[in-house]
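Please see the structure below; I have some questions.
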Amino acid sequence: MTTFDNFNYYNPTRIIFGKDTIGSLSTLIPKDKRVLFIYGGGSIKNNGVYTQVSEAMKEHTCFEFSGVEANPHFETLNKAVQLVRENNIDFILAVGGGSVIDGAKYVAAAALYDGDGWDILEWKHIVKKALPIGAVLTLPATGSESNGGSVITKAETHEKRFFKSEAVYPVFAIMNYTVMTTLSDRQLANGMVDTFVHTTEQYLTFPTDGMVQEGYAEALLRNVAALAKDWENRRTESWQKNLMWTSNQALNGLIGLGVPQDWATHMIGHELTAIYGLDHGQTLAIILPAVLRQMRLQKSKKLLKMGRNVFGLEGAALTEENTINKIEELFRSIGVKLTLTEYGIKADVEAVVNALKSHGMTALGETGAITPDVSACILQRAL
Ligand code: NZQ
Ligand code: ZN
């Protein structure tokens with residue numbers, strides 16, 4: 001049993017959860033702020049969110065920047081950085097899913113940095129200051145609305161990199177689950193997979209004595225399993241509000257405090273999105289089972305604990321392989337594919353491994369045992 005380490009927990013984001021909450025923007029952002037309202041490809045114009053935000057912001061000096069892509073592009077975001085500088089913007093309002101919120105974090109940090117913004121994603125510039133950010137979440141998945149992470153893609157080179165900083169935690173996150181009605185099944189399923197995988201990456205390592213971290217992670221995993229079982233009710237308010245809250249809790253830092261973590265699935269998945277354009281959630285459903293089978297011995301105790309406490313396996317049925325099968329069944333039950341071939345992708349394992357190497361991802365997993373050779377084995381299993 002691993003004992004959990006000391007930790008230093010900081011999460012300054014105010015959460016405003018529920019119906020009829022977007023109007024509170026008018027008081028959450030001080031009236032003397034010059035605001036840049038950033039959003040994506042236009043989904044907010046189909047579900048009333050754009051109108052609600054505009055109404056709430058009518059007494060503010062507010063500029064707009066639209067067109068932030070899914071897997072937000074560095075090149076696009078730099079245009080927003082320019083807008084911030086030209087108009088003395090001092091508050092960034094992100095309205096969208098993880099991509100818009102991550103994009104806003106980059107803009108907020110890059111606007112206060114004189115060098116090349118890509119330095120932030122290469123960790124050559126460590127972000128210590130950023131403009132304040134507010135978030136209105138429209139897609140539960142990433143937890144970006146109350147964490148300090150951001151993932152940005154350089155379209156020119158097909159590179160997807162991340163940075164983290166305490167300076168980019170949103171000041172507030174409005175989580176109005178009624179905006180989820182316009183999400184497609186594909187996005188709902190992606191959000192469920194992302195939530196599930198964020199939780200496993202902070203849980204499926206070694207057993208620890210962290211009763212809060214272990215127990216809470218299992219509760220979140222059981223939630224996702226229950227929502228998958230209840231997929232036919234995914235258009236109900238109760239289902240949607242529970243997904244929104246569960247997604248947020250899975251990556252706000254709490255369940256990972258002081259415990260071993262394994263982000264291999266995300267790191268390999270990011271390369272697949274960068275090279276083949278798969279959705280973030282789709283890559284995770286392909287890679288997680290492959291990581292678990294590859295690392296089955298190292299993760300044995302935890303796979304059995306999860307099998308018992310999350311999926312209710314017992315007796316002879318309680319095996320590592322059955323736990324992994326249950327995870328795959330869960331993904332399949334919400335319509336998510338499990339191999340690259342199913343997406344019509346003939347992946348070049350060597351190219352993906354080379355991308356991992358060039359990004360320094362050469363010792364992944366809770367013990368650093370996932371070397372490039374091991375990543376190649378994982379990718380072979382995912383073909
Ligand atoms: O661009 P719009 O028109 O808004 O459409 C989006 C987009 O096409 C649409 N959408 C969002 N809300 C909607 C909606 N459509 C209808 N109704 C709504 N209410 O959904 C599409 C996908 O949106 P996106 O923001 O890309 O999805 P998600 O929230 O899954 O974010 C994925 C990005 O977050 C990164 C991923 O790598 C990826 O780039 N991640 C960020 C993390 C973090 N900051 O902590 C951690 C995650 O592991 C993840 O890596
Ligand atoms: Zn994720």
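The values are calculated or read from the model by the stated rules, or taken from the named source; none is laboratory data. Keep in mind it's a predicted model, so treat the numbers as computed, not measured. Neighbour counts run over all protein chains shown; Cβ positions are idealised from the backbone, glycine included. Accessible surface is based on the protein model in full, side chains and every heavy atom, while ligands, DNA and RNA are left aside. Shrake-Rupley method; radii C 1.70, N 1.55, O 1.52, S 1.80 Å.
How many of the residues in segment 33-62 are part of a strand (DSSP E or B) and crowded, with 16+ Cβ neighbours inside 10 Å?
At the first step, the residues of segment 33-62 found to be part of a strand (DSSP E or B) are 34-39, 61-62.
Checking the rest, the ones that are also crowded, with 16+ Cβ neighbours inside 10 Å come to 35-39, 62.
Total satisfying the criteria: 6.
Conditions tested, residue by residue: (1) more than 15 Å from the chain's Cα centre (by Cα); (2) within 14 Å of ligand 1 (Cβ to nearest atom); (3) modelled with pLDDT of 95 or more; (4) closer than 13 Å to S165 by Cβ.
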position: A108; (1), (2), (3), (4): yes, yes, yes, yes
position: G115; (1), (2), (3), (4): yes, no, yes, no
position: E122; (1), (2), (3), (4): yes, no, yes, no
position: H125; (1), (2), (3), (4): yes, no, yes, yes
position: K128; (1), (2), (3), (4): yes, no, yes, yes
position: A135; (1), (2), (3), (4): no, yes, yes, no
position: L139; (1), (2), (3), (4): no, yes, yes, no
position: T142; (1), (2), (3), (4): no, yes, yes, no
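Next up: Determine which member of the set S247, S300 is within 16 Å of ligand 2 (Cβ to nearest atom), of a type in the set (S, T, N, Q) and either closer than 30 Å to K154 by Cβ or open to solvent by less than 40 Å² (accessible area, probe 1.4 Å) (or both).
When all the criteria are applied, what remains is S247.
Continuing with the same structure: Tell me, which residue of segment 280-295 that is open to solvent by 10 Å² or more (accessible area, probe 1.4 Å) and assigned to a helix (DSSP H, G or I) is nearest to ligand 2 (Cβ to nearest atom)? Before you say what the answer is, go through the steps one by one.
Filtering segment 280-295 for residues open to solvent by 10 Å² or more (accessible area, probe 1.4 Å) gives 280, 282, 293-295.
Next, from what is left, pick out any that are assigned to a helix (DSSP H, G or I): 280, 282, 293-294.
On the way: H280: 6, Q282: 11, R293: 20, Q294: 20 Å.
Restricting to residues being open to solvent by 10 Å² or more (accessible area, probe 1.4 Å) and assigned to a helix (DSSP H, G or I), the top hit is H280.
Give all pairs with beta carbons closer than 8 Å in which a residue from segment 250-272 that is not assigned by TED's automatic domain parsing to the domain that holds I287 meets a residue that is more than 10 Å from ligand 1 (Cβ to nearest atom) and open to solvent by less than 10 Å² (accessible area, probe 1.4 Å); count only pairs at least 6 apart in sequence or on separate chains.
none
Follow-up question, since we're still on this one. Evaluate the following for P260: is it of a type outside the set (F, W, Y), outside any helix (DSSP H, G or I) and away from ligand 1 (no atom under 13 Å from the Cβ)?
Yes.
Only residues that are over 19 Å from the mean Cα position of the chain (by Cα) and open to solvent by 50 Å² or more (accessible area, probe 1.4 Å): list them for segment 70-89, please. Lay out the reasoning, then the answer.
Residues of segment 70-89 that are over 19 Å from the mean Cα position of the chain (by Cα), as a first pass: 75-76, 78-89.
Across segment 70-89, the qualifying residues are E75, N78, K79, Q82, R85, E86, N88.
Examine segment 102-113 for a residue that is surrounded by 19 or more Cβ atoms within 10 Å (Cβ to Cβ) and of a type in the set (D, E, K, R), and state whether such a residue exists. Steps first, answer last, please.
Residues of segment 102-113 that are surrounded by 19 or more Cβ atoms within 10 Å (Cβ to Cβ), as a first pass: 102-111.
Restricting the remaining residues to those that are of a type in the set (D, E, K, R) gives 102, 105.
Yes, some residue in segment 102-113 is surrounded by 19 or more Cβ atoms within 10 Å (Cβ to Cβ) and of a type in the set (D, E, K, R).
Which condition number in (1) closer than 19 Å to G312 by Cβ; (2) open to solvent by less than 20 Å² (accessible area, probe 1.4 Å); (3) in a helix (DSSP H, G or I) is the one that Y216 fails?
Result: Y216 fails condition (2) only.
Okay, moving on. Among the residues that make up segment 366-374, is at least one of them open to solvent by less than 20 Å² (accessible area, probe 1.4 Å), touching a residue at least 12 places away in the same chain (Cβ under 8 Å) and either closer than 30 Å to W118 by Cβ or not polar (S, T, N, Q) (or both)?
yes
Considering only segment 260-279, I want to know if a residue exists there that is buried (at least 16 other Cβ atoms within 10 Å of the Cβ), farther than 17 Å from A228 by Cβ and of a type in the set (F, W, Y).
Yes.
A further question on this structure: Return yes when E232 is open to solvent by 30 Å² or more (accessible area, probe 1.4 Å) and of a type in the set (D, E, K, R) and no when it is not. Spell out the reasoning first.
Working: open to solvent by 30 Å² or more (accessible area, probe 1.4 Å): yes; of a type in the set (D, E, K, R): yes.
Yes, satisfied.
Answer yes or no as to whether L356 is open to solvent by less than 60 Å² (accessible area, probe 1.4 Å) and touching a strand residue (DSSP E or B) at 6+ places or on another chain (Cβ under 9 Å).
yes
Somewhere in segment 167-176, is a residue of a type outside the set (A, V, I, L, M), under 30 Å from T236 (Cβ atoms), out of contact with any Pro (no Cβ under 9 Å at 6 or more places or on another chain) and within 12 Å of ligand 1 (Cβ to nearest atom)?
yes
Pull out all pairs, ordered by first then second residue, where Cβ-Cβ is under 8 Å, the residues are six or more apart or on different chains, the first lies in segment 85-105 and is assigned by TED's automatic domain parsing to the domain that holds M244 and among the aliphatic types (A, V, I, L, M), and the second is open to solvent by 10 Å² or more (accessible area, probe 1.4 Å) and away from ligand 2 (no atom under 15 Å from the Cβ).
Close Cβ pairs satisfying both conditions: none exist.
Which helices (runs of 4 or more DSSP H) sit wholly inside segment 299-383 and have at least 2 residues that are small (G, A, S) and in the same structural domain as Q261 (by TED's automatic domain parsing)?
300-309, 349-358, 372-382
Considering only segment 123-204, give the strands (runs of 3 or more DSSP E) lying wholly within it that have at least 2 residues that are open to solvent by less than 10 Å² (accessible area, probe 1.4 Å) and either within 28 Å of D20 (Cα to Cα) or within 16 Å of ligand 2 (Cβ to nearest atom) (or both).
133-137, 149-154, 172-175
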